[in-house]
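Values in this text are rule-based calculations from the coordinates and carry no lab data. Just so you know, these numbers come straight off a predicted model, no measurement behind them. FYI the Cβ positions are ideal-geometry reconstructions off the backbone, even for glycines, and counts take in every protein chain you see.
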Amino acid sequence: MVLNGKRILLIISGGIAAYKSLDLIRRLRERGAEVRPIMTKAAQEFITPLAVGALSSGHVYADLFSREDEQDVGHIRLARDCDLVLVAPATANLMAKIANGLADDLASTVLLATDRPVLLAPAMNPKMWAAAPTRRNVETLKGDGITLIGPMAGEMAESNEAGVGRMAEPLQIVDAVIGMLDDGAKPLKGRTAIVTSGPTHEPIDPVRYIANRSSGKQGHAIAAALARLGADVTLISGPVTIPDPAGVTTVHVERAEEMLEAVTRHLPADIAVMVAAVADWRVAASSGQKIKKQPGEAPAPLALTENPDILKTVGHHQKRPKLVVGFAAETENVEANGRAKLARKGADMIVANDVSPESGVMGGNRNRVKIISAEGIDEWPDLAKDDVAERLAALIAQRLD
């Protein structure tokens, strides 16, 4: 586990993004970190110490004048007995305190007393983030050697509010923590990876196309997970509605032929993970004008031609990556079809999954996969797509080690 034995002092301040800190604790502990939480009084208006304590499996600190916690000058002990101090969310108020050396509660006192690295994950309304006092405070904090991650652009909790102010997602914060405490925790550092994601759109005419239901969630998550392990990742994405993942270079394409060209252009690479649900066929000759419906007449039949097989091309390419991973999205005979694809495509591993309508995988947030290789089949439990990505990235790093 990449953070095994690392001690993280997590300060949770009072913003609606405090709910994300619960998932953040889980993500940090999954990677072996010990998490010791401090909650401000305002944070307890959004989430409870009971929930935080249950996830961190430890005592939750909240009161500077606690008779129990302060009998041995507990705030100094907390400030020093850690490898990193993480503030998530970091509100405008707490950032102002840190920037100006105020210490009127446990959180701000610990931050003033610590000699450990400090990472802030700001979260606030976009107008607050853009306000002149906040900008001055941010520059002061950076000048003092404090690291910030985010905030990110997106929708706010308030209705009809959008802009820069969202707290970074838990996995992005974990990545920043790993980067600050890096002591060999990035096993893919120096490696290059190509990941394909999403569907392709094959035009029939200027307004119609052949496509599928792929959302790109799994491919984008895998690209981000590989980047978190240190890989230099190029993501080649078909048309999706989700944002580009942080820390990767994204190339946007529409058609299968464009995707193939982008993939081969970025060879050689150490790793190729072909996740995209590429359309098997395209229209042999798409129309330059919208095909008009004629009353009472059936449409002219579409003449289809086969699209290039991107996985097979990469698996047999003269610049073949050291490790080639393909996906087999099947509605029946998942294991048998996956085995056949492994041999036919020249891949090292096939990630096979059931994408039948009742599975909810296409467009959903969860996946259940089987890892098929020459060594056999490893069936994984039902997992969130982010967790599938994390496990697959770790497996790839292990295979390349």
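Observations, loosely collected:
- For segment 136-260: rounded, prolate or oblate by the Cα gyration tensor [a/c cutoff 1.5]: oblate
- Computed from point charges on the beta carbon alone (+1 for Lys and Arg, -1 for Asp and Glu), the dipole magnitude for the chain about its Cα centre is near 680 Debye.
- Nearby lysines by direct alpha-carbon distance to Lys97 (threshold 30 angstrom, same-chain neighbours under 8 apart not counted): Lys6, Lys20, Lys41, Lys127, Lys142
- Principal-axis tilt of helix 256-265 within the chain, Cα atoms, nearest 10 degrees: 60
- Between helix 217-228 and the chain: long-axis angle, C-alpha atoms, 0 to 90°, nearest 10: 50
- Residues with amide H under 5 Å from that of Ala168, placed H, sequence gap 5 or more: Met152
- 222 nm mean residue ellipticity, helices alone, for the chain (DSSP H n ≥ 4; -39,500 (n - 2.57); rounded to 500): -9500 deg cm²/dmol
- Computed over the chain: relative contact order in percent, which uses C-alpha pairs under 8 Å that are six or more apart: 11
- With at most 14 neighbouring Cβ atoms within 10 Å, loop GluC sites (Glu not before Pro) (DSSP) excluded, longest segment of the chain: 162-296
- When the chain is described by a simple charge dipole with +1 on each Lys and Arg Cβ and -1 on each Asp and Glu Cβ, the residue from Met156, Val369, Pro203 located farthest towards its positive end is Pro203.
- Between Ile210 and Glu202, Ile204, the built amide H atoms are under 5 Å apart, and every one of these is 5 or more places off in sequence or on another chain.
- Residues considered: Leu141, Leu64, Leu304. Largest GNM mean-square fluctuation over the chain, using C-alpha springs under 10 Å, is found at Leu304.
- For segment 192-400, with +1 on Lys and Arg beta carbons and -1 on Asp and Glu, the positive-most of Ala384, Asn337, Thr250 along the dipole: Thr250
- Distant-in-sequence amide H partners of Phe327 (H built 1.01 Å from N, under 5 Å): Met274, Val351
- Given Lys189/Lys322; Lys189/Lys217; Lys186/Lys322; Lys186/Lys341, the pairs whose alpha carbons are separated by over 26 Å: Lys186/Lys341
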